[in-house]
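The values are calculated or read from the model by the stated rules, or taken from the named source; none is laboratory data. Note that the structure is predicted; figures quoted are calculated from it, not measured. Cβ coordinates were reconstructed from backbone atoms using ideal geometry, including for glycine residues, and neighbour counts include every protein chain displayed.
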């Protein structure tokens, strides 16, 4: 009996370690996993879902400690209470490790700040927002690196928009030959962007857009807005601030900046994205206007591509947007998908950390899907019902109200298994059809689809 209980514990412990790692050990993000009345469902799902973390040094230490505690618990605790004690260990062992982690993080960030401050002539461009950060960063890097040379421009890599990720980039990759450092900045609570600014000291700030993303950890839309604005507040008196005019919150913050910085003659403020013809194009326009104001390109320089399309198996066109997802980004990519020929397939999980806005956001996504896609495969079940409701609500409208060129219907299904997803796509598509992979879809599926 003890052996069976121990094996169950190991299986559960690996699942919860995977979840802690997925949430970057952030307690607020971890707790959002159990919001919206699904606590019992999600705890039960941990009993059968097979998940395990990437075994970093930290995870290995936590796992080893948890195993030792479990053995001692089974050995010395009364058998009737052993299960309760073990469940307690699953929750609290990772929390215990947060204490030395916090101490280590402070020292790590201090080292990065000291190194950054030693680069007196380094120009730092901070980019933040609920969406568009990564694409704007990549577009800007592409422009600057082409004109100045890759050796002179440094950017944070994927998953490096937190304090530890940015600090690691500084300590490992920042070199004397770098003239410009493009920093993508993410946060999950108030003060998070200011902390990053105190470390990297940006002179240029770009606000790409604000929406409900991470509402669950911020607590309110106003907290999200004020946190993103911390980047602009941190800029020096001779800095430059860029705001996406297509986003109403950014436009409001631009007007606020006009008032607050009116006495700073050297501080420059810009709106961009006015001429964007579809969602997402403002990210390209924002990158271009930053490069233009730096004097690196001219007014008529060509725009970089919005999304790259790769040729996949059986002649399929694959759009890989699997880094992250947010409501506005999904909508933008669906608008782009709509412009392409062929059958259109979307594969994506439900979005996370949207708080009370989650149900409505997923219904809106479902409505957009119904206008664009022939087949939609949702890989997680949390808000599948709401997405499907959105699809059905559009398809129930008369043709003249839907504004569609045909009477096609959208097939929407829930599938988790990568091989089954691949077989479904393979059996329903032809060469030239387009598959959009949005957010964290299984890597196995990506490998199966790519040539």
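Things worth noting here:
- Qualifying residues in region 141-151 (those that are touching a strand residue (DSSP E or B) at 6+ places or on another chain (Cβ under 6 Å) and touching a residue at least 12 places away in the same chain (Cβ under 8 Å)) - the one surrounded by the fewest Cβ atoms within 10 Å (Cβ to Cβ): 141
- Within region 273-295, the residues that satisfy the criterion of being at positive phi and out of contact with any strand residue (DSSP E or B) (no Cβ under 6 Å at 6 or more places or on another chain) are 280, 295.
- Matching residues, region 179-200, being assigned to a loop (DSSP other than H, G, I, E, B), modelled with pLDDT of 90 or more and surrounded by 18 or more Cβ atoms within 10 Å (Cβ to Cβ): 186
- Single residue of 394, 421, 412 found to be touching a helix residue (DSSP H, G or I) at 6+ places or on another chain (Cβ under 6 Å), modelled with pLDDT under 85 and surrounded by 13 or more Cβ atoms within 10 Å (Cβ to Cβ): 394
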